[in-house]
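> Before I ask anything, let me first share the structure, which is written out below as structure tokens.
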Amino acid sequence: INKIEFGGDKKIHVTPLSLDTAAIHALEAHLILFNTGQARNASDIAIEQIKNTADKSRELHRMRAMVDVAEKILTSTPVRFADFGALLHDAWQLKRTLSAKITNSFIDDIYSRARSAGALGGKLLGAGGGGFMMIFAPPALHEKIKKTVALPHVPFKFEQEGSKVIFEMPVDNFEV
């Protein structure tokens, strides 16, 4: 789990967070990943966000400040998971204001249903080839949330080495 900071002149600084194994497993246990089944065009969204940047300076500074709060929450002992969920919710509400293309009624409905079933927060992932909604909730509520959201959920685990292909379909199985 890394803190990634973006600076001018294409500078990127990656800082691994110091979380013990138990905290990582507990964080993982709070997450549910849903496949929304929707494809979105990442470049269209990015173009609109960039166009709106000057008008959204206040929101962007608030989002940047949330990174430090998240780091403090995740590295606290014990980890304050309810605070992290609330922060994710606040960040999602703020992110939605950056562009009208960030979300749509279908995504908003997924998030609303998850929250009504006990989710503390969440965020949309995978703006390019498809959409995934990551939901953060106490593990005891996961089954209720899965039934309420009623979308395919994708089991996952954090990986020390980054993303890995876990299933590869031979090219000759694809239809064109």
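> Which length gain, in nm to one decimal place, applies between residue 26 and residue 144 when the Cα-Cα distance is subtracted from 0.36 nm times their residue separation?
Details: separation 118, 0.36 × 118 = 42.48 nm, distance 1.87 nm.
My answer for the length gained is 40.6 nm.
> Take peptides 112-119, 76-83, 90-97 and line them up by average Cβ neighbours within 10 Å, highest first, as a rough protection proxy.
On the way: 112-119: 18.2, 76-83: 13.8, 90-97: 15.5.
Packing order, densest peptide first, comes out as 112-119, 90-97, 76-83.
> Modelling each spin label as a point 7 Å along the Cα-to-Cβ direction, I'd like the residue 63/residue 112 distance in nm, to one decimal.
Going from the residue 63 label point to the residue 112 one covers 2.3 nm.
> Could you work out how far apart the two model spin labels at residue 15 and residue 80 are, taking each label as a point 7 Å from the Cα in the direction of the beta carbon, and quote it in nm?
Going from the residue 15 label point to the residue 80 one covers 1.9 nm.
The numbers here are math on the coordinates, done by the rules we state, and not lab data. Every value quoted in this text rests on a predicted model; they were computed, and no experiment measured them. In this analysis, Cβ positions are derived from the backbone assuming ideal geometry, glycine residues included, and neighbour counts consider all displayed protein chains.
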